[in-house]
Amino acid sequence: MSPPRAAVGVVAAASLAAAAYGLRRLLRRRRVVRAVRAMGKVEFHAHLNGSIRLSTLVELAEARGLAGARALLAGPRTLEACFEIFALIHQCVDSLAVVRRVAREALEDFEAVGCCYVELRSTPRALGERSEADYVDTVVDVMAGYAGALTPRFLASVDRSRGPAAAAATVAAVAALRRGDATARAFVVGVDFSGNPTSRHSFEAFERLFRECRDAHGLGLAIHVGECPRGDADASRILALARETPGRCRLGHALHVAPEDLCGAGAPLVEVCPSSNVATLRLASLRDHPRLGDVFARGFDVPLCLCTDDTAVFGTDLAAEYLKVRDAFGLEVRDLALLVSRAADRAFDAPACRAALARHGAPR
């Protein structure tokens, strides 16, 4: 027995309505994705080698006989897998020619997702017979010769696990390069304090050096803090230094820091890396992110900028990070654009950053 004609009509109408609703949702999503990708964005916390193009990493790994790279990169980004990818990158970036390629491709990839100003950071390495200064000079040369619309700058990273003597040597090499080369002076705009956050070396051992970088060399300070709990006064020393000149000091991650310490007059900007932080903290949802939750769910006035940390390691890009935050907290594209606008003044070359955003134009 066939169903009544009226019932068939109701089912067909419901199916058409559902299909139309699904299509509208799909079209709205595509418009949002296009708008987020097209809006001008800034990147303050991207590690150069961690931003290696995945296809390049596979090519380099296979050329060096490092088996399993494809499978590793195709798998889930568990915290353990991320550490394996870090190790793989370190093995593959073994010459200045590779550094040059990675830097050029990273700039291309950031520009492709709407980034108009980027500060790439990296720990200078002596590769073969080439010095740390040669490493920095290679990256600067790529940036100075970049023909795209993106405005790049460089931060020299100090690895706390290598100790204060190695840090002083790195800073001395960078300072000498900037003194003798106007191009290096223009492109090397800051130093980064990073490395294993559980290292026995506390920030106290480096504080004098970082003050010298700021006061004697005119460099901005990007300081990793609160990635994990520490039993010493590490975070309090860093926070005190950052509040002295908040326009010249930014904080990386600041996950294990009380929100009250990140608010108010003189608060430094926090570089938030959503995908990286989710992996580090093993969060079930981005809504559980301490700093993002402070700002978008609990109303704390914490200055922040959305960043990638390591695009290759965490399988992301800058537009994807903005989309994840937008989806998690129900934000509008204009809310994201306001974040970018406020962050621009905390760039270590703020005039160049604001000019790059102005050239890019308002979000579409």
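The values are calculated or read from the model by the stated rules, or taken from the named source; none is laboratory data. If you're wondering where the values come from, they're calculated on a predicted model, not measured in any experiment. Cβ: placed from backbone, ideal geometry, glycine included. Neighbour counts: every protein chain shown.
All conditions in (1) more than 26 Å from G40 (Cβ to Cβ); (2) surrounded by fewer than 20 Cβ atoms within 10 Å (Cβ to Cβ); (3) out of contact with any Leu (no Cβ under 9 Å at 6 or more places or on another chain); (4) of a type in the set (A, V, I, L, M, F, W, C) hold for L177, with the sole exception of (2). Of the listed requirements (1) out of contact with any Ser or Thr (no Cβ under 9 Å at 6 or more places or on another chain); (2) in contact (Cβ under 8 Å) with a residue 60 or more places away in the chain; (3) buried (at least 19 other Cβ atoms within 10 Å of the Cβ), T308 misses just one: (1).
For segment 337-364, a residue qualifies if it is in a helix (DSSP H, G or I), over 24 Å from L155 (Cβ atoms) and touching a residue at least 40 places away in the same chain (Cβ under 8 Å), and exactly one does: A337. The residue that is farthest from A156 (Cα to Cα), counting only those in segment 1-60 that are modelled with pLDDT under 90 and of a type in the set (S, T, N, Q), is S2.
Can you tell me which residue among D310, D335 is closer than 15 Å to H253 by Cα and not hydroxyl-bearing (S, T, Y)?
Going through D310, D335 in turn, the sole match is D310.
Within the bounds of segment 322-335, is there any residue that is within 24 Å of P197 (Cα to Cα), without any contact (Cβ under 8 Å) to a residue 60 or more places away in the chain, among the acidic types (D, E) and out of contact with any Gly (no Cβ under 8 Å at 6 or more places or on another chain)? Steps first, answer last, please.
So in segment 322-335, the residues within 24 Å of P197 (Cα to Cα) come out as none.
No, because not a single residue in segment 322-335 is within 24 Å of P197 (Cα to Cα), without any contact (Cβ under 8 Å) to a residue 60 or more places away in the chain, among the acidic types (D, E) and out of contact with any Gly (no Cβ under 8 Å at 6 or more places or on another chain).
Residues that are under 17 Å from D94 (Cβ atoms), small (G, A, S) and over 18 Å from the mean Cα position of the chain (by Cα) within segment 119-151 comprise A126, G128, S131, listed in sequence order. Only a single item in (1) in contact (Cβ under 8 Å) with a residue 60 or more places away in the chain; (2) closer than 24 Å to A149 by Cβ; (3) under 20 Å from the mean Cα position of the chain (by Cα) is not met by A35, and it is number (3).
Which ones in segment 70-121 are in a helix (DSSP H, G or I), in contact with a strand residue (DSSP E or B) (Cβ under 8 Å, 6 or more places away or on another chain) and of a type outside the set (A, V, I, L, M)? So that I can check it myself, show each step before the final result.
Here is the first cut: in segment 70-121, the ones in a helix (DSSP H, G or I) are 70-74, 79-92, 96-112.
When the remaining residues are screened for being in contact with a strand residue (DSSP E or B) (Cβ under 8 Å, 6 or more places away or on another chain), the result is 96, 99, 103, 106-107, 110.
The answer is F110, and nothing else.
Residue-by-condition table, conditions (1) surrounded by fewer than 16 Cβ atoms within 10 Å (Cβ to Cβ); (2) in contact with a strand residue (DSSP E or B) (Cβ under 9 Å, 6 or more places away or on another chain); (3) modelled with pLDDT of 95 or more:
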| position | (1), (2), (3) |
| --- | --- |
| T123 | no, yes, yes |
| G128 | yes, no, no |
| G145 | yes, no, yes |
| A165 | yes, no, yes |
| A172 | yes, no, yes |
